[in-house]
Amino acid sequence: MRLRLRPHRLATPTCLALLLGAGVAHAGRVSVELDGVDGLLRDAALGGLELQQYTSRDVTAAQARRLYEHAAAQVRKALEPYGYYSVTVDGELRENGDAYVAVLHVTPGEPVKVATVDVQIDGDADGQRPVRQALAAFAPAKGASLDHAAYEKSKATIQAALFASGYLDAELVTHQVEVTQSANSADIHLAWKVGPRYRLGTTTFEGAQFPDEFLERYIPWAKGDFYTQDQVLALQQRLIDADYFAVVQVEPDVEHAADGTVPIKVMLAPAKRTIYTGGVFIGTDTGPGVRGGIERRWINSRGHKFKVETIVATRLKTASAQYRIPLAGPDNHSLAFGATFRDEDTDTSTARTFGLAATDSRQWRGWTRTLGLKFLTGDFKVANIEGDTTLLYPEASLARKKADDPAFVRDGWSLTFAARAGQKGLVSDTSFLQASADAKWIHGLGEHGRFIARGSLGATHVGDFDKLPPELRFFAGGDRSIRGYSFQTIGPPLPDDLRGQATAYCAAHPKSDCQDFIIGGKNLAVASAEYEYYFKPNWGIATFIDTGDAFSSFASYRQKIGVGVGARWRSPVGMVRVDLGVPVRDDQNHGVELHIVIGPDL
């Protein structure tokens, strides 16, 4: 018998696919189930697991087992920076077909407590306020749980405080954290060798369009003063506020520091010299309108400025021009001369006035102090009673504001105090004395909320109240006052003996407002509280309560209250506020008032 053998083809495409499929039959995905810790500790434990990196890709059984073998050590190491040095981890690796589940039970134990905090700084550097504050805030403190992140942050804060106080050579020579697991305690030892405290040397300017003699007016220190970071930042802020430069960079020239003196290098780049502004706006107090202006940031090498602005709205038309002259000195001293025309028409009053002003402003102990002399003349009509006035009076103001972020304030405030007085005589039609104060405070609440409080006070002593134009009288109501009421509709009413004259004017002029005969008051007291919640980064809602009154005597004070809700939008052109307000417990006023404002928080 003869047997004939035929060749057997093992490597056909179908067989090859079967072989390859068998090779990966046990490949699959791994998942992690971890318990025993929550929050930050759980996130840290998962972040330190190499297993967690394979949850979105295939692993073989051998890979899964190898990864699981290292999991306990990785969890223990991940929790050490948070002070947990007695961590125990047990669990199992479950295999279910091509799925692998790593089950980890974590027992963190008690965190290590700090037994000793020994921070040594040689010399007298610890007497400087920034350094004292950094030392007082050192974390973790004695008795607290060991936290390596807080420890590293505190080290960096002390180093930065030393540098900011003028110790530019400060060096950390000892940095030890000794953990004793048997006692569950840790000892922290830090020591700095600070070296000399540097003084401020020569300041050089590069890239500016002005001579050094002009720029030196912005330096807030005297050569030879001790170096502080606050002084350097103050110079930078002054140059930014001058509005001459597109780029301002101020820094110590550490490379050329010698003999305890550090030079300061200022790098500048000119801003655009001429600015043209324009836009469309809407405000419930003024109505829709357009605004435009031209500003010459500098006219000559002495930094003189010139600006012209105009507004044309439904209820307000203004035109103004100002010429500003910066003066020598380290306090941003400047003189300004201006002229203004104002044509205002509200439900309460109309006024057409022309004014001239000369002001002297400078920085004074962190405040902007302004002294001025103003001339005001024109015609006006309040509560349908016509009048005219001419006044010449001095004015003084103090203003200050602070904000963590001018575009969207989470922590900031502003204060403005003003006083003005006029004497009846050759020019002025009446004598008067007036003082006012405005305040606003913004504070972040949680991650998404803000609390805003504001208030305004004013008081006037005047010989002939009828000679005060509307802009020197006090009114309440409107988007920056009591929002349950229209603009300038709160204040003392027209005396009874003039109501006949006002009513007769209404009969002759049907389009005039005859609902409210409000003449304004000598005094003002207004306060507001508001809460905003941002459900998206640029969108929020608000609720508010406003209260107060404009009045001429304390006996005539009648508290008005407005409450409401609003919407907030952080638009590309600034904060947009839309509010709906209603009066509370007011039998004579009803309905909803709409207020729209576009502008910065402070």
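Looking across LYS305, LYS272, LYS317, one residue alone is modelled with pLDDT of 90 or more and closer than 18 Å to ASP345 by Cβ. It is LYS317. Only residues that are in a helix (DSSP H, G or I) and free of Cβ contacts under 8 Å to residues at least 24 places away in the same chain were counted in the range 32-50, giving 4.
One line per residue, one yes/no per condition, for (1) without any contact (Cβ under 8 Å) to a residue 12 or more places away in the chain; (2) of a type in the set (Val, Ile, Thr); (3) farther than 19 Å from ILE452 by Cα:
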{"residue": "LYS522", "(1), (2), (3)": "no, no, yes"}
{"residue": "ALA527", "(1), (2), (3)": "no, no, no"}
{"residue": "ASP546", "(1), (2), (3)": "no, no, no"}
{"residue": "ILE561", "(1), (2), (3)": "no, yes, no"}
{"residue": "ARG570", "(1), (2), (3)": "no, no, no"}
{"residue": "LEU580", "(1), (2), (3)": "no, no, no"}
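Taking into account only those residues within the range 225-270 that are charged (D, E, K, R) and surrounded by fewer than 16 Cβ atoms within 10 Å (Cβ to Cβ), which is farthest from LEU168 (Cα to Cα)? Here the answer is ASP243.
Yes or no, residue by residue, for (1) out of contact with any Lys or Arg (no Cβ under 8 Å at 6 or more places or on another chain); (2) touching a residue at least 24 places away in the same chain (Cβ under 8 Å):
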{"site": "ALA139", "(1), (2)": "no, no"}
{"site": "PHE163", "(1), (2)": "yes, yes"}
{"site": "ALA170", "(1), (2)": "no, yes"}
{"site": "GLN176", "(1), (2)": "yes, no"}
{"site": "ALA183", "(1), (2)": "yes, yes"}
{"site": "ILE188", "(1), (2)": "yes, yes"}
{"site": "TYR198", "(1), (2)": "yes, yes"}
{"site": "GLY201", "(1), (2)": "no, yes"}
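A single member of ALA161, ALA139, ALA156 is in a loop (DSSP other than H, G, I, E, B), aliphatic (A, V, I, L, M) and not assigned by TED's automatic domain parsing to the domain that holds ALA246, and it is ALA139.
Within the range 111-135, the set of residues being of a type in the set (A, V, I, L, M) and closer than 15 Å to SER165 by Cβ comprises ILE121, ALA125, VAL131, ALA134, LEU135. The set of residues in the range 587-602 that are outside any strand (DSSP E or B) and either under 17 Å from ILE442 (Cβ atoms) or touching a residue at least 40 places away in the same chain (Cβ under 8 Å) (or both) comprises ASN589, GLY599, PRO600, ASP601, LEU602. Give the residues of the range 548-567 that are buried (at least 19 other Cβ atoms within 10 Å of the Cβ) and part of a strand (DSSP E or B), sorted by residue number. Once the filter is applied, which keeps residues that are buried (at least 19 other Cβ atoms within 10 Å of the Cβ) and part of a strand (DSSP E or B), the range 548-567 yields GLY548, ASP549, ALA550, PHE551, LYS560, GLY562, GLY564, GLY566. Name the single residue, out of those in the range 51-97 being in a loop (DSSP other than H, G, I, E, B) and closer than 20 Å to PRO108 by Cβ, that is farthest from the chain's Cα centre (by Cα). Within the range 51-97, the match that is farthest from the chain's Cα centre (by Cα) is HIS70. Considering the range 351-366, and only residues there that are of a type in the set (D, E, K, R) and at negative phi, the residue that is modelled with the lowest pLDDT turns out to be ARG362. Restricted to the range 243-359, the set of strands (runs of 3 or more DSSP E) holding at least 1 residues that are charged (D, E, K, R) comprises 245-252, 261-270, 287-296, 305-313, 316-326, 334-345. Of all the listed residues (ASP411, ASP404), the sole one being closer than 25 Å to VAL576 by Cβ, in contact with an Asp or Glu (Cβ under 9 Å, 6 or more places away or on another chain) and free of Cβ contacts under 8 Å to residues at least 12 places away in the same chain is ASP404.
The condition of being of a type in the set (A, V, I, L, M, F, W, C), surrounded by 17 or more Cβ atoms within 10 Å (Cβ to Cβ) and touching an Asp or Glu at 6+ places or on another chain (Cβ under 7 Å) holds for only one of PHE487, PHE475, that being PHE487.
Of the residues in the range 316-339, at least one is under 30 Å from ARG483 (Cα atoms), surrounded by fewer than 17 Cβ atoms within 10 Å (Cβ to Cβ) and without any contact (Cβ under 8 Å) to a residue 24 or more places away in the chain. GLY123 satisfies every condition listed in (1) of a type outside the set (Val, Ile, Thr); (2) over 26 Å from SER185 (Cα atoms); (3) crowded, with 19+ Cβ neighbours inside 10 Å except (3).
The values are calculated or read from the model by the stated rules, or taken from the named source; none is laboratory data. Because the structure is a prediction, the values reported are computed rather than measured. In this analysis, Cβ positions are derived from the backbone assuming ideal geometry, glycine residues included, and neighbour counts consider all displayed protein chains.
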